[in-house]
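Notes to accompany the following structure.
The values are calculated or read from the model by the stated rules, or taken from the named source; none is laboratory data. It should be emphasised that the depicted structure is a prediction, and the values quoted were computed from it without experimental measurement. Positions of Cβ are backbone-derived with ideal geometry, glycine not excepted, and every protein chain shown enters the neighbour counts.
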Amino acid sequence: MALHIVAGIVQGVFMLLNIEKVQKSYPGGRPVLRDVSLTLDHGQTLALTGESGSGKSTLLNLAAALDSFDGGEITLDGTALSTLDDRGRAALRRQSVSLVFQQFNLIPSLTVAQNLSFHARLANREDTEWTAQLAERLGLSDLLARYPENLSGGQQQRVAIGRAMAPRPKLLLADEPTGNLDETASATVLDLMLSLVAEAGTALLLVTHSLDIAARLDRRAHLTGGHIA
Ligand SMILES: Nc1ncnc2c1ncn2[C@@H]1O[C@H](COP(=O)(O)OP(=O)(O)OP(=O)(O)O)[C@@H](O)[C@H]1O
């Protein structure tokens, strides 16, 4: 018992993300997550696979402190999410987490340059040198004055990755980030994302249907029947 508690504390404190026996149902629905446990260490990359509807996006949203869960606990960067109210969750997100989605979700009224620095500014963590490096690395230097509607899908996703990495988050959560891209753009985006998280020491939890993509990450977890297989 004592050993179990010590192990739990050690995991809770030192693991960046500790998901323990989490349960989640939506109103009127069957349980989506029945008993999900998963840990992610600082700087580690983990691919989350599973059938359509198995709850991958649900789990990602919980890890991002975007939604509440019914049982179990999620500890992110040393903070138990069940103890936070909406404001606390928003503050923790700003401080530690960035998200990248399949639908790039850029702000249409802002230029590429403004989109790139938007989250870092909100988090009060703007580092103009790092943002310029990101633009360069992501091949966006010549596109900074453009608006998202004038970019290809691959370019938009590169902006979204730059925006996500600009605050140097501890955790990057990516939900099918290459799902809307052709093979070439997809390979470029994945390569860039993996090299940037490695450089920044950011941990990555990436939802994907692709076993090839999953094979590129440090670890793999498969969600099925409300559990991690
Ligand atoms: N906001 C919601 N309200 C009610 N049910 C929801 C909601 N979001 C998701 N669900 C349901 O929860 C289940 C899991 O959905 P989720 O999007 O997490 O799965 P997924 O594994 O990410 O699927 P996909 O691979 O198709 O994106 C599905 O049955 C879905 O219909």
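Remarks
- Hey, Ala80 surrounded by 18 or more Cβ atoms within 10 Å (Cβ to Cβ), more than 11 Å from the ligand (Cβ to nearest atom) and among the aliphatic types (A, V, I, L, M) or not: no
- Among the conditions (1) crowded, with 22+ Cβ neighbours inside 10 Å; (2) touching a strand residue (DSSP E or B) at 6+ places or on another chain (Cβ under 7 Å), the only one that Leu134 does not satisfy is (2).
- Test: Leu116 is surrounded by 21 or more Cβ atoms within 10 Å (Cβ to Cβ) and either in a loop (DSSP other than H, G, I, E, B) or in contact with a Phe, Trp or Tyr (Cβ under 8 Å, 6 or more places away or on another chain) (or both): no
- Yes/no for Thr58 being without any contact (Cβ under 8 Å) to a residue 60 or more places away in the chain, buried (at least 17 other Cβ atoms within 10 Å of the Cβ), under 27 Å from Leu196 (Cα atoms) and near the ligand (Cβ under 8 Å from one of its atoms): yes
- Of residues in the stretch 154-177 being part of a loop (DSSP other than H, G, I, E, B) and surrounded by fewer than 23 Cβ atoms within 10 Å (Cβ to Cβ), the one nearest to the ligand (Cβ to nearest atom): Glu176
- Residue under evaluation Asn105, criteria (1) within 29 Å of Leu62 (Cα to Cα); (2) without any contact (Cβ under 8 Å) to a residue 60 or more places away in the chain; (3) not in a loop (DSSP other than H, G, I, E, B), criterion not met: (3)
- For the stretch 178-209, a residue qualifies if it is buried (at least 19 other Cβ atoms within 10 Å of the Cβ) and either farther than 13 Å from Lys56 by Cβ or free of Cβ contacts under 8 Å to residues at least 60 places away in the same chain (or both), and the qualifying residues are Thr178, Leu181, Ser186, Val189, Leu190, Leu192, Met193, Leu196, Val197, Thr202, Ala203, Leu204.
- All of (1) surrounded by 14 or more Cβ atoms within 10 Å (Cβ to Cβ); (2) without any contact (Cβ under 8 Å) to a residue 24 or more places away in the chain hold for Ala214 with one exception: (2).
- Ser68 at pLDDT 95 or above and either within 16 Å of the ligand (Cβ to nearest atom) or in a loop (DSSP other than H, G, I, E, B) (or both): no
- Restricting Leu138, Leu211, Leu223 to those that are farther than 15 Å from Leu48 by Cβ and either β-branched (Val, Ile, Thr) or more than 13 Å from the chain's Cα centre (by Cα) (or both) reduces the list to Leu138.
- Subset of the stretch 28-47 (residues that are within 12 Å of the ligand (Cβ to nearest atom) and either touching an Asp or Glu at 6+ places or on another chain (Cβ under 9 Å) or part of a helix (DSSP H, G or I) (or both)): Pro31, Leu33, Val36
- Residue pairs whose Cβ atoms lie under 9 Å apart, sitting 6 or more positions apart in sequence or on different chains, and linking a residue in the stretch 2-29 that is within 21 Å of Gly225 (Cβ to Cβ) and acidic (Asp, Glu) to a partner that is modelled with pLDDT of 75 or more and away from the ligand (no atom under 14 Å from the Cβ), are Glu20/Ser37; Glu20/Leu38; Glu20/Thr39; Glu20/Gly72; Glu20/Glu73; Glu20/Ile74; Glu20/Thr75.
- Members of the stretch 83-108 that are within 15 Å of the ligand (Cβ to nearest atom) and of a type outside the set (A, V, I, L, M, F, W, C): Gln102, Gln103
- Residues in the stretch 9-27 that are more than 10 Å from the ligand (Cβ to nearest atom) and assigned to a loop (DSSP other than H, G, I, E, B) were compared, and the one that is modelled with the lowest pLDDT is Met15.
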